[in-house]
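As structure tokens, the structure follows; a few thoughts come after it.
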Amino acid sequence: MSQMSTSKKNLTLLFLILIGIIFEFPLEAQNFNQFSIKEEEKIIIFQGNSIFAISNPNNPEEKSIRILAIITAYSSTPWETDEDPHITASGKIVKDGIIANNFLPFGTKIKIPEIFGDKIFVVEDRMSFEKSSLHFDVWFEDYFEALKFGAKTTYVDILE
């Protein structure tokens, strides 16, 4: 009887977990690297099986998704970049508004509102392969300005 009771409890627990996943599966930052944006459908596929609409609660007209990320800075110095410090991984010349990230496709627009307000950055560069998909590197013209910026944890809005 106790074996049957344990089996029923396990089955009930499994059922409750499945219901929780189906109806209230949270978007957690540590699993962010498992999503993809499908431009043509304007949806996010998260872990291959869940669909989330892309939207910004502060501005319903602007479609975006907000994530918590690490923001650092770099400049066009030989010890911070590869053999051509003024050319990004996408082949563009560095300029204000360039940002590096290892996960988002080149051309993706983002905002970092708590630090830079409404300024829009474009992903055109990559970082060292050890960096996570939740790490963004802002390009600065001046090495000392980039060094002074340091590292910050803040929200990033990935724009449509």
TODO: Quick one: which residue in SER90, SER132, SER76 is of a type in the set (Ser, Thr, Tyr) and in contact with a His (Cβ under 6 Å, 6 or more places away or on another chain)?
DONE: SER76
Open item on the list: So, in segment 57-105, exactly how many residues are assigned to a strand (DSSP E or B) and either over 21 Å from LYS152 (Cα atoms) or modelled with pLDDT under 85 (or both)?
Closed with: 3
Open item on the list: Every residue in segment 92-113 that is surrounded by 13 or more Cβ atoms within 10 Å (Cβ to Cβ), under 18 Å from ILE67 (Cβ atoms) and not β-branched (Val, Ile, Thr), please.
Closed with: ALA100, ASN101, ASN102, PHE103, LEU104, LYS109, LYS111, PRO113
Open item on the list: I need a count of the residues in segment 127-153 that are under 11 Å from the mean Cα position of the chain (by Cα) and either surrounded by fewer than 14 Cβ atoms within 10 Å (Cβ to Cβ) or among the polar types (S, T, N, Q) (or both).
Closed with: 2
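Identify, please: which residue in segment 106-149 is charged (D, E, K, R), assigned to a strand (DSSP E or B) and touching a residue at least 40 places away in the same chain (Cβ under 8 Å) and is, among those, farthest from HIS86 (Cα to Cα)?
The extreme case among them is LYS111.
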Open item on the list: ASP118 - would you say it is of a type in the set (Asp, Glu), touching a strand residue (DSSP E or B) at 6+ places or on another chain (Cβ under 7 Å) and assigned by TED's automatic domain parsing to the domain that holds VAL94?
Closed with: yes
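The values are calculated or read from the model by the stated rules, or taken from the named source; none is laboratory data. None of the values given here were measured: they were computed from a predicted structure. As a convention, Cβ positions derive from the backbone with ideal geometry for all residues, glycine included, and neighbour counts pool all protein chains shown.
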